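Here's the structure, in structure tokens; my notes come after.
The values are calculated or read from the model by the stated rules, or taken from the named source; none is laboratory data. Keep in mind that what you see is a predicted model, and the values were worked out from it rather than measured. As a convention, Cβ positions derive from the backbone with ideal geometry for all residues, glycine included, and neighbour counts pool all protein chains shown.
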């Protein structure tokens, strides 16, 4: 019996879709069943390693967000991906940090960058931006140049220039090393010809 069949039998109606690519199985599940399914996978199917938790912003669609869990069973050598949709109106899903402690920081990053809350997380606070920062930078409606924010005594941010700015790559035939924004010094607007690779 496959993992999909096991979960469908144990949680009727909770597995919404199944896909497979390059020996990796992806299951779309109901968000409300996430914690129970993860508990089952850990205790009954030996998925003892949480590789990562990430999120996707399907801006313009509803439900807008998707939380993605990458699981691995070391004893069985099986990779499993779980996806759960989260509505913008009720932007919350259960924590799995009680099952896999490594989920702690993954969930904090998703909360910080995308604004998805994890219920029953023991310490859900921002991990990259400062507390009180009013935006979530990985949402698709967050502009590339950033937004202005000012919190006296805490921190501030200003929109970054994009034309030749630090976040824009230079069109060139050069290598990745010279195309990357970090390869240029601030204010260096030298024409791209400078970066053409030597033959």
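Points to keep in mind about this one:
- Scanning the range 83-107 for residues that are more than 13 Å from the chain's Cα centre (by Cα) and either within 13 Å of residue 42 (Cβ to Cβ) or surrounded by fewer than 16 Cβ atoms within 10 Å (Cβ to Cβ) (or both) gives 87, 89, 90, 92, 96, 97, 98, 99, 100, 101, 102.
- Search result, residues across the range 8-44 that are surrounded by fewer than 20 Cβ atoms within 10 Å (Cβ to Cβ), in contact with a strand residue (DSSP E or B) (Cβ under 9 Å, 6 or more places away or on another chain) and assigned to a strand (DSSP E or B): 16, 17, 18, 19, 20, 24, 25, 26, 28
- Only one of the numbered conditions (1) assigned by TED's automatic domain parsing to the domain that holds residue 42; (2) modelled with pLDDT under 95; (3) surrounded by 13 or more Cβ atoms within 10 Å (Cβ to Cβ) is not met by residue 184, and that is (1).
- Flag for residue 123 being at pLDDT 95 or above, farther than 19 Å from residue 1 by Cβ and under 17 Å from the mean Cα position of the chain (by Cα): no
- Complete set of residues in the range 92-141 that are part of a loop (DSSP other than H, G, I, E, B), touching a residue at least 12 places away in the same chain (Cβ under 8 Å) and within 17 Å of residue 52 (Cβ to Cβ): 95, 96, 97, 99, 100, 102, 116, 121, 127, 128, 138
- Annotation note: of 47, 59, the sole residue that is assigned by TED's automatic domain parsing to the domain that holds residue 139, surrounded by 17 or more Cβ atoms within 10 Å (Cβ to Cβ) and in a loop (DSSP other than H, G, I, E, B) is 47.
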